[in-house]
Amino acid sequence: MVCENTKNYLEAAQLYERTGLAEKAASIYIQLKLFSQAMPLISKIKSPKLLVQLAKAKETEANFKEAENAYEKAEDWENVIRINLNYLNSLEKAKDICRDHCPTQTCAKMISDYCDKKGLKSESIEFLIMGGAFDDAFNIAVSNGEMKSYTEHLKEITPDEALRIAQYYEGKNEFGEAAKYFELAGNSVKALKLFIQTGTDYVDYAIELVARIKTDQLIHLLLDFLTGESDGVPKDPKLTYKLFMALGDLNKASKIAITIANEEQERGNYKPAHQILYETQKDIKDKQLPVPWDLHQRLLVIHSYIIVKRLVKCGDHDTASRMLSRVCNNISQFPAHDATILTSAVLEAMRAGMKITAYKWAITLRG
C-alpha cells in the first residue's frame, strides 16, 4: 500500500505477489503492461474484468493462445469463439464452446459465417438454426441440396415449416421424402398419394400412415394400390397382410396369411409358411382374441411337418409317425413333396411298429 502511494508500482506488485495477493499484483502488472509477469498469476485470478484485460493485452501482442486461455477463464465465451475462429483456426473447439456454453445468436452467427466461407454448408445451417435464423438456414439448404441437414437440426417442425420442406422435396421429385412432411403439415391424403407414387419403395411408410390415421378414404386408397385396382398391378399379398395387421383387423389378416402360406407351401417353402401363420396366431393371442379355426389347423399341420426331422433324429419314431400321419391327412397342402412325405410316413410307421398305418400310407402312395 505504501509502495502504491509513493508510486513505486512495480515494487508494490512484487510485494503483493509475495504475500499471495495475486489479483492486486496482476492488476498492477497489467497497468504497467508487464504482461509476461501477470500471465503466471492467471490461475489465481478470479476477477473476470482482470482476466479480460489480460486477454486483450495478449491479443495485442498476437499471443492468441494465451489470450484464449484468459478469455476462457473469464468465461467470455464470445471472445473465446472469436479467437478460435479468427486466429487459432480451431473450428471444432468453437463449435463445442457454442453448443455447451454459449448458444447465443451472436456466437452462432460467427460460426455460421465462418463455416459458410469455408464451404461447410451443413455446419453453417446447424448454427444458423441455433441462432434462430431459420429462413437463412433454409435458403442455404435449398441452394446447396442440404435439406436433410436442415431437418436434422430442427428441434421442432411446425406445420408451416413442414409444408415448405415438403414442397422442396416434391419439386425435386423426391416423393417419398415429400410425403413424410406433407403428413406433418396435415395433408395426409397427399402424403399417401406421394408414397404410392414411389411404387413399393415407401410402402412401409404408407402402411404406418394409414394405421395412424385410420380413415376409410386412406384405407381404400392404399388397398386399391396394393391389390392392383388402381394400376392393374397386384402387389405382394404380404403387404396387404401387413396393412391389416397394422390396422388391427386380425380376421382379414388371418385370411391373407393363410393365402400366403398356401402359396409358399405349393412352392415347397414350408418355413416361411410356418412363420407367417405362427406370427399371425401369436398376434391374435396377444390381443386376447379367439384364433380362427382354419388358421390354427393350418399351423398345426405345417408345424407337425417341420418337427418330424427333429423327432427322427432323437429316435422318437412313434411321435414322428403320428406327426407324419397328420401331414398325410392333409397331403394336398404339400404338392411339391407329396410322394416324399408319404414315403417317409410309411418308413416311420414301420419303425414305430404301426403296420396298419404303414400299409395305409403305402396304398395312398401307390394310388
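The values are calculated or read from the model by the stated rules, or taken from the named source; none is laboratory data. All values derive from a computational prediction rather than experimental measurement. Cβ sites come from the backbone with ideal geometry, for glycine too, and all protein chains shown count toward neighbours. Side chains are part of the model used for accessible areas, which takes the heavy atoms of the whole protein and leaves out ligands, DNA and RNA. Shrake-Rupley method; radii C 1.70, N 1.55, O 1.52, S 1.80 Å.
A few remarks follow.
- The chain, accessible surface, carbon-and-sulfur percent (1.4 angstrom probe): 50 percent
- Per residue, the average separation of C-alpha pairs within less than 8 Å and at least 6 apart gives region 282-330 a relative contact order of 33 percent.
- Residue-normalised accessible area of region 201-247, expressed per residue, 1.4 Å probe, Å²: 53 Å²
- Per-residue extension of 0.36 nm, minus the Cα-Cα distance of T200 and R326, leaves a gain of 41.5 nm for this segment.
- Rounded to the nearest 10 degrees, the angle from helix 64-73 to the longest Cα principal axis of the chain is 80 degrees.
- Rounded to the nearest 10 square angstrom, T200 shows an accessible area of 70 square angstrom against a 1.4 Å probe.
- Under Karplus coefficients 6.51, -1.76 and 1.60, residue-wise ³J(HN,Hα) of region 344-356 in Hz, glycine/proline x: 4, 5, 4, 5, 5, 5, 5, 5, 7, x, 9, 5, 5
- Inter-centroid distance (Cα atoms) of region 220-290 relative to region 100-179, Å: 41 Å
- Relative contact order for region 91-238, counting Cα pairs under 8 Å that sit 6 or more residues apart, in percent: 11 percent
- The relative contact order of the chain comes to 5 percent, based on Cα pairs under 8 Å that sit 6 or more residues apart.
- Helix axis angle, 188-197 relative to the chain longest principal axis, alpha carbon, degrees: 70 degrees
- Counting only trypsin sites (Lys or Arg not before Pro) that DSSP places in a loop and that have at most 14 other Cβ atoms within 10 Å, the longest clean stretch of the chain runs over 288-367.
- Acute angle (nearest 10 degrees) that the helix 22-31 long axis makes with the longest principal axis of the chain, alpha-carbon atoms: 60 degrees
- Each of D216 and H101 was given a label point 7 Å from its Cα along the Cα-to-Cβ line. The distance between the two points is 6.3 nm.
- Electrostatic tally near T319: other residues with Cβ closer than 14 Å to its Cβ, Lys and Arg +1, Asp and Glu -1, net +3.
- Label of the coordinate-derived value, Rg/Rh (Cα atoms, Kirkwood Rh), listed as [x] 1.36; [y] 0.96; [z] 1.02: [x]
- Computed about its Cα centre, the charge dipole of the chain is approximately 1520 debye, with only Lys, Arg, Asp and Glu carrying charge at their Cβ.
- A DSSP coil position with no more than 16 other Cβ atoms inside 10 Å describes the following GluC sites (Glu not before Pro) in region 201-278: E229.
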